[in-house]
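> Sharing a structure, written as structure tokens. Questions coming.
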Amino acid sequence: MNNDKKLGVALAGLGYYATEQLAAALQQTAHCCLAAIVTGTPSKIPYWKEQYNIAEADIYSYENFDAIKDNPEVDVVYVVLPPSMHKEYTIRAAKAGKHVFCEKPMAMSVAECEAMIKACKDNKVNLAIGYRCQHDPNTQAYQRFAKEQTFGKIRMVTCGAGYFDARTNHWKQIKALGGGVMYDMGVYALQGARLATGEEPIAVTAQHFTTRPEIYKEVDETTLFQLQFPSGAVATCQTSFGIQMNYLQVNCEKGWFRLDPFSAYSGNKGSSSAGAIDFPLKSQQAKQLDDDAQALLQGQSLLVPGEEGLRDIRVVEAIYQSAKSGKVVKI
Ligand code: NAD
């Protein structure tokens, strides 16, 4: 690959996020193009052909997906499937010799994440996780506050990520497909705490709640979790499929900062004891795609590699363990 080339991206899974966000964002990128689609639903194909001029040869099903290895137009497979399928499609894409962008949550367990990282290494391809917020200058601003101790030592993080999901039978409510709010929205609150402290948690406690037990029979609707960090900083986080919330509040020795929203697609902004935090961004997803494409085209490391997805899943596993046992889980 050279610097003049645009990276050809194949979208695997044509649901809400691929259709409404990523496909549109790809049109706004400088360094990517939509090269192929992978779908199990033939009725979706005419829309994509018409809207994005996708040729028949660039359309794959889940059955013939592995043939993508012979398609020189495809450099990257972007896995936008339910989380239970992330491991399989990341590994199949890696074996086809394609770089992989995989949506969050990376996978269902530490073991799955490790297998994905290994498959990409073995096949000499790169793996990025779709943590769009890490490409947002507002997130990067608060990561800097932690690093430079702008407000002194970080002492307490309070973070909430949730929305009301009216659906009753979506994969988000089905355990076997990777449902559960801690996997889905919880990783945003966890990222808020990890990035705002710049540290990895060493112990967690957690509790599950639901107001709709008839829907949330097998997965969590609302999860509260508390994190302890090596420096002594603590975080108290909330995530829910029943409560609208999107904020990050960080209290430090000598000041504070707050973003509300902190993990929206656009309009993340906030304030601090030293003034406003507001770095407007046109398209977070386009920035993510371009940052990752440039890194690949220039042979540099990716901003959010598989190892970062794994760090979260290690904590998510501990959170589920603690909610089940009612005990502190050390990491
Ligand atoms: P969705 O339900 O809208 O789409 C899922 C797609 O997978 C559909 O096209 C569906 O047909 C397909 N699919 C294939 N096999 C399936 C099966 N066995 N069961 C169910 N669906 C199957 O979901 P989505 O909201 O587009 O989420 C897809 C991925 O993108 C998830 O990992 C999700 O966490 C992630 N996502 C990320 C963001 C973000 O901001 N980064 C936002 C939304 C979703």
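The values are calculated or read from the model by the stated rules, or taken from the named source; none is laboratory data. Keep in mind it's a predicted model, so treat the numbers as computed, not measured. No Cβ is skipped: glycine too gets one built from the backbone with ideal geometry, and neighbour counts run over all protein chains shown. The protein model used for the area step is the full one, side chains on, heavy atoms only, and it has no ligands, DNA or RNA in it. Shrake-Rupley method; radii C 1.70, N 1.55, O 1.52, S 1.80 Å.
> With the requirement that a residue be away from the ligand (no atom under 16 Å from the Cβ), of a type in the set (Ser, Thr, Tyr) and closer than 16 Å to ALA323 by Cα, what does segment 175-224 give you?
THR205, THR210, TYR216, THR222
> Report yes if ILE277 is aliphatic (A, V, I, L, M) and either out of contact with any helix residue (DSSP H, G or I) (no Cβ under 7 Å at 6 or more places or on another chain) or open to solvent by 10 Å² or more (accessible area, probe 1.4 Å) (or both), otherwise no.
No, not satisfied.
> Select from segment 47-88 the residues that are closer than 18 Å to LEU22 by Cα, within 15 Å of the ligand (Cβ to nearest atom) and assigned to a helix (DSSP H, G or I) and list them in ascending order.
Hits for segment 47-88 are TYR47, TRP48, PRO83, HIS86.
> Listed residues ILE215, ILE202; which is in contact with a Ser or Thr (Cβ under 7 Å, 6 or more places away or on another chain) and either in contact (Cβ under 8 Å) with a residue 60 or more places away in the chain or of a type outside the set (Ser, Thr, Tyr) (or both)?
ILE215
> Can you tell me which residue within segment 143-174, out of those that are in a helix (DSSP H, G or I) and under 23 Å from ASP278 (Cβ atoms), is farthest from the ligand (Cβ to nearest atom)?
Filtering first and then ranking leaves GLU148.
> Among the listed residues VAL100, VAL110, which satisfies the condition of being more than 16 Å from the ligand (Cβ to nearest atom), within 24 Å of SER263 (Cβ to Cβ) and either charged (D, E, K, R) or at pLDDT 95 or above (or both)?
Checking each option against the conditions leaves just VAL110.
> How about segment 79-90: which of its residues are farther than 18 Å from VAL315 by Cβ and open to solvent by less than 30 Å² (accessible area, probe 1.4 Å)?
Matches in segment 79-90: VAL79, VAL80, LEU81, PRO82, TYR89, THR90.
> Shifting gears a bit: Residue by residue through segment 154-169, note down the ones that are over 30 Å from ASN251 (Cα atoms) and surrounded by 14 or more Cβ atoms within 10 Å (Cβ to Cβ).
Within segment 154-169, ASP165 is the sole residue that qualifies.
> So GLU63 passes all but one of these: (1) loosely packed, with under 15 Cβ neighbours inside 10 Å; (2) within 28 Å of GLN298 (Cβ to Cβ). Which condition number does it fail?
(2)
> Just name the residue that is nearest to the ligand (Cβ to nearest atom) out of those in segment 113-142 that are among the hydrophobic types (A, V, I, L, M, F, W, C) and not in a helix (DSSP H, G or I).
ILE129
> Exactly one condition in (1) exposed (fewer than 14 other Cβ atoms within 10 Å of the Cβ); (2) assigned to a helix (DSSP H, G or I); (3) touching a residue at least 60 places away in the same chain (Cβ under 8 Å) is false for GLU20; which is it?
(3)
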